[in-house]
Amino acid sequence: MENLISLVNKLQRACTALGDHGEDSALPTLWDSLPAIAVVGGQSSGKSSVLESIVGKDFLPRGSGIVTRRPLVLQLHKIDEGREYAEFLHLPRKRFTNFAAVRQEIADETDRETGRSSRQISTVPIHLSIFSPNVVNLTLIDLPGLTKVAVDGQPDSIVQDIENMVRSYIEKPNCVILAISPANQDLATSDAIKISREVDPQGERTLGVLTKIDLMDKGTDAVEILEGKSYKLQFPWIGVVNRSQADINKSVDMIAARRREREYFATTPEYKHLTHRMGSEHLGKMLSKHLETVIKSRIPGIQSLISKSIVEIEAELSRLGRPIASDAGGKLYMIMEICRGFDQIYKEHLDGVRSGGDKIYSVFDNQLPAALKRLQFDKQLAMENVRKLITEADGYQPHLIAPEQGYRRLIESSLITIRSPAEAAVDAVHSILKELVHKAVGESMELRQYPTLRVEVANAACDSLDRMKEESKKATLKLVDMECSYLTVDFFRKLPQEIDKGGNPTHSLFDRYTDSYLRRIGSNVMSYVNMVCGTLRNSIPKSIVYCQVREAKRSLLDHFFTDLGKREPKHLASLLDEDPAVMERRTGLAKRLELYRSAQEEIDAVAWAK
Ligand code: GDP
Ligand code: MG
C-alpha cells in the first residue's frame with residue numbers, strides 16, 4: 001500500500017518537471033486528477049507549524065505577514081535508515097541536510113518566480129521532497145494564508161488572488177482539504193472552514209485541524225469542536241498543540257515539542273478521553289492512511305483518463321507532423337525526405353495522377369497549331385512580295401533558269417517566322433510547369449509546415465525550370481533554324497511540270513517576271529513551307545518534352561540537393577524553422593505524451609501488483 005503514495009509522488013514530480021501544474025487549459029492535465037492534501041487556513045492560524053510538526057523538522061520560512069507566496073508541494077518519503085535530507089525538484093542533484101538552508105532556498109525560489117520586492121504571489125508550485133526515517137509517506141501542499149486586507153505595498157487584488165489560488169487547488173474533487181483553524185478564535189470566523197465549506201459542503205474531503213488549543217481562554221475548552229458537535233465533518237476533528245512563538249525563539253526542538261504535546265493531551269482532564277486521536281503524530285499517520293485510501297479509489301479513473309488523453313495527444317501530434325531532428329544529419333535526411341515527397345507529388349501532376357499535366361498537351365494540340373496557322377504565309381508569299389524578293393535576290397543579273405536564290409530567300413523568310421510560335425510554346429509549357437511547382441508545394445503537408453524550406457524548394461524548382469527553359473528554347477529554335485538551313489531537294493524535284501516551265505530557258509527573259517510566273521513560285525514556296533510547318537508541328541513538342549518536361553521529372557531538385565550538401569548545419573536548421581506556435585504546441589504535447597506514457601507504465605505496474 002505504501003507504494004501508492006510514492007507512485008503519486010512520482011507522478012506529481014513528473015507533472016511539474018514537464019510543466020503540468022493543472023493551470024494550462026490548452027493542454028490535457030494529469031496534475032488535476034492526482035489526489036493531494038492541501039493545507040488551508042488564515043494567516044497565522046498555524047499552517048506552517050502543523051506541517052513542520054508532521055515532518056518533525058523546522059524548515060519552512062517564517063516571518064510576519066505573507067511568507068508563503070507560492071504553493072509548496074511537500075512530499076514526504078519514508079526511508080528505512082540513514083540521515084534525513086531534502087531535495088528540490090528545481091535543484092535535482094543537490095541534497096540538503098541542513099534544514100535552515102532548505103528554508104532559505106524556499107524563500108529564494110519564491111522570489112525567483114515572483115520577484116523579491118513585488119510581494120506578488122504565483123501559482124507555480126515549488127516541489128520539496130524530504131527523505132527521512134521519521135516521516136510517513138505523504139504529500140501536502142502548503143498554500144498562502146488567507147487574508148482580509150492588503151498590507152505594506154501589496155496590490156489590492158492580493159486578498160482575492162490568494163483566495164482564488166487556494167480555491168483553484170481545493171475545488172478539485174481529488175483534493176483533500178486540511179482545514180486549519182485556531183482554537184483561540186471563534187470557529188464561526190475561521191477562514192479555513194469558510195472556504196472549505198464552499199467547495200465541499202458535505203465535508204466529505206475536509207479534515208478539520210484545531211491548533212492553539214493551549215492558548216484558549218482559561219475556563220474554555222475545545223471538546224465540543226473536537227467531538228464534532230460544533231461543526232460536523234465526515235472525519236473526526238484533530239487537535240494539536242504546536243510550539244508557541246516563545247518556544248521557537250528558545251529553539252525548542254521538534255522532539256521535545258512532540259513530547260510536550262503528548263503530555264498536554266494526556267494530562268489535561270478535558271481531553272483525556274480523546275488522547276488516542278489527538279496530536280501531530282496521530283495527524284500524520286491518519287493523513288497518510290487517508291491519502292492511500294483516496295488514491296486507491298481514484299486509480300481506475302486516472303488510468304482511463306490517461307489512456308484517453310494518450311489517444312487524443314497522439315492524434316493531434318500526427319496532425320501537426322513530425323518534430324524536427326536535432327542533429328545536422330537528421331535534419332539533412334529530413335529535408336531530403338520532404339523534398340522527395342514534393343518531387344513525387346510533382347511527378348504525379350505531370351503523369352496525370354493529379355491534375356494539371358494535361359494543360360501541356362493542350363499547348364501542343366491547340367496553342368501551337370493555332371499559332372502556326374496565324375503566321376499568314378499567304379501575305380509573306382503574296383505576288384508583290386515574291387516579286388520584290390526574287391528581284392532583290394537576282395541583284396544586277398536576272399536569273400537564267402530558276403530563281404534559286406529567290407526561292408531560298410522566300411523560304412527562309414517564311415520559315416524564320418516559325419521561331420516565334422516555337423518560342424511561345426516553350427514559354428507556355430514553362431509557365432505550366434512553374435504553376436505545377438506551386439501547386440505541388442501547397443499540397444505537400446511537410447512543406448506547409450516549414451515556411452522557409454517551402455520558399456527555398458519552390459525557388460530552387462523554378463530556377464531549374466528556368467534553366468530547362470533556356471535549354472529548350474535553344475534546342476527548339478535550332479530545329480526551326482535547321483529547317484531554314486537545308487531545304488529538301490526532293491520536294492522541288494517532284495514538283496509538277498510548271499516549275500520546269502518557270503525555268504524553261506526558251507522562255508523570254510521577261511516572261512519570268514509575269515504575274516502567273518511569280519504566283520507559281522509563291523504557291524510552290526507555300527507548299528514547301530506548309531510541309532515544313534507540319535514537320536515542326538510534330539517535332540517542336542518533342543523537343544519541349546525532351547528538354548523541359550522530361551528534365552523536370554528527372555532532375556527538378558538536383559541543384560538544390562547538391563547545394564544542400566554544402567550547407568552549414570546552422571543553415572539546415574533555419575530551413576526547418578516552422579511556425580513557432582506549431583513548434584511550441586508540439587513540444588508541449590510531446591512532453592505531455594511522455595508524462596502520460598510513463599505515468600501509464602507506473603500506474604499499471606502498481607495496479608497489477610495489488
Ligand atoms: P501560519 O501563518 O498559518 O503558517 O502560522 P504559523 O505556523 O507561522 O503560526 C503562527 C504563530 O502561531 C507562530 O508564532 C506559532 O508559534 C504560533 N502557533 C501556532 N500553533 C500554535 C499552537 O498550537 N500553540 C501555540 N502556543 N502557538 C502556536
Ligand atoms: Mg505559514
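Each value in this text was obtained by applying a stated rule to the coordinates, not by laboratory testing. What you see is a predicted model; the values in this text were computed from it and never measured. Please note: Cβ atoms are built from the backbone with ideal geometry, for glycine as well, and neighbour counts cover all protein chains shown.
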Notebook entry, point to check: LYS473: which lysines have alpha carbons under 25 Å from its alpha carbon, excluding same-chain residues fewer than 8 sequence positions away?
Noted result: LYS347, LYS359, LYS373, LYS434, LYS439, LYS542, LYS553
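Tell me the net charge near SER129. Cut-off is 9 Å between Cβ atoms, SER129 excluded, with +1 for each Lys or Arg and -1 for each Asp or Glu.
Charge balance in the 9 Å sphere: 0.
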Notebook entry, point to check: Highest mean first, what order results for 296-305, 139-148 on Cβ atoms within 10 Å?
Noted result: 139-148, 296-305
Check: Rounded if a/c is under 1.5, else prolate if a/b is larger than b/c, else oblate: which is segment 47-112, with a ≥ b ≥ c the root eigenvalues of its Cα gyration tensor?
Finding: oblate
Notebook entry, point to check: So which trypsin sites (Lys or Arg not before Pro) in segment 518-578 end up in coil per DSSP with only 13 or fewer other C-beta atoms within 10 Å?
Noted result: LYS566
Margin query: If I model a spin label at THR587 and VAL252 as a point 7 Å from the Cα along the Cα→Cβ vector, what separation in nanometres do I get?
Written below: 5.2 nm
Margin query: Students often forget the sequence filter, so: which lysines lie under 28 Å Cα-Cα from LYS570 once same-chain residues fewer than 8 apart are removed?
Written below: LYS331, LYS591
Checklist line | Rounded to 5, percent antiparallel among DSSP beta bridges of the chain | finding: 30 percent
Note to self: I need the semi-axes of the equivalent ellipsoid of segment 260-373: take the C-alpha gyration tensor, multiply each eigenvalue by 5, square-root it, list largest first in whole angstrom.
What the structure shows: 80, 17, 10
Next item on the list: Determine Rg/Rh for segment 328-577; Rg is computed over alpha-carbon atoms and Rh is the Kirkwood hydrodynamic estimate from the same atoms.
Entry: 1.22
Next item on the list: State, to one decimal in nm, how far the label point of SER318 lies from the label point of THR220, with both points 7 Å from Cα in the Cβ direction.
Entry: 6.6 nm
Notebook entry, point to check: What's log10 of I(q)/I(0) for the chain at q = 0.08, 0.10, 0.11 Å⁻¹, Debye sum over Cα points only, no solvent?
Noted result: -0.73, -0.93, -1.03
Note to self: Kirkwood hydrodynamic radius, computed over distinct alpha-carbon pairs, for segment 115-266: how many Å, to one decimal?
What the structure shows: 17.7 Å
Item checked: Over segment 328-577, relative contact order from alpha-carbon pairs under 8 Å, at least 6 apart, % -> 34 percent
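Order the peptides 429-441, 172-184, 360-372 from the highest to the lowest mean number of other Cβ atoms within 10 Å of their residues.
Sorting 429-441, 172-184, 360-372 by mean packing, highest first, produces 172-184, 429-441, 360-372.
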Check: For labels at GLU435 and SER297 in the simple 7 Å Cα→Cβ model, what's the distance in nm?
Finding: 6.9 nm
